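The values are calculated or read from the model by the stated rules, or taken from the named source; none is laboratory data. This is a predicted model, so every value here is computed, not measured. We place every Cβ from the backbone using ideal geometry, glycine too, and count neighbours over all the protein chains shown.
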């Protein structure tokens, strides 16, 4: 039997795998979980930030606020595309997220 200890966020996990391939699958699953969490979390944060900047631009009509919106959109698109490339998002999901943001962006122009 193979044992592996993970120290994950104040939680000690001892894994008892029956063979090397099972231990490898556990490591791969943990790596993919962290990667998925990184991309999905950042897309959520950037989407919320986009809507905040959009609301501030709608009220002020300031050029600096419009630049903030554009920068947030480019970062958001980048994270969505990278997440799709790494199979975090299904292609249709990524397309839908980008289309929703694009629709909101067209409303202010």
Check: Does the stretch 94-109 contain any residue that is surrounded by 11 or more Cβ atoms within 10 Å (Cβ to Cβ), at pLDDT 95 or above and within 12 Å of the chain's Cα centre (by Cα)?
Finding: yes
Checklist line | residue 81 vs. criteria in a helix (DSSP H, G or I) and either at pLDDT 95 or above or touching a strand residue (DSSP E or B) at 6+ places or on another chain (Cβ under 6 Å) (or both) | finding: yes
Check: What are the residues in the stretch 67-76 that are surrounded by fewer than 19 Cβ atoms within 10 Å (Cβ to Cβ), in contact with a helix residue (DSSP H, G or I) (Cβ under 9 Å, 6 or more places away or on another chain) and farther than 11 Å from residue 47 by Cβ, if any?
Finding: 68, 70, 71
Notebook entry, point to check: Which members of the stretch 66-75 meet the condition of being modelled with pLDDT under 95 and either touching a strand residue (DSSP E or B) at 6+ places or on another chain (Cβ under 9 Å) or closer than 15 Å to residue 107 by Cβ (or both)?
Noted result: 66, 69, 70
Notebook entry, point to check: Any residue at all in the stretch 29-39 that is in contact with a strand residue (DSSP E or B) (Cβ under 9 Å, 6 or more places away or on another chain) and either at negative phi or free of Cβ contacts under 8 Å to residues at least 24 places away in the same chain (or both)?
Noted result: yes
Notebook entry, point to check: Does residue 26 fit the bill of being under 25 Å from residue 82 (Cα atoms), in contact with a strand residue (DSSP E or B) (Cβ under 7 Å, 6 or more places away or on another chain) and at pLDDT below 90?
Noted result: yes
Notebook entry, point to check: Of all residues in the stretch 32-48, which are modelled with pLDDT under 95 and either within 16 Å of residue 105 (Cβ to Cβ) or not in a helix (DSSP H, G or I) (or both)?
Noted result: none
Check: Restricting the search to the stretch 78-93, which residues are free of Cβ contacts under 8 Å to residues at least 40 places away in the same chain and buried (at least 17 other Cβ atoms within 10 Å of the Cβ)?
Finding: 80, 84
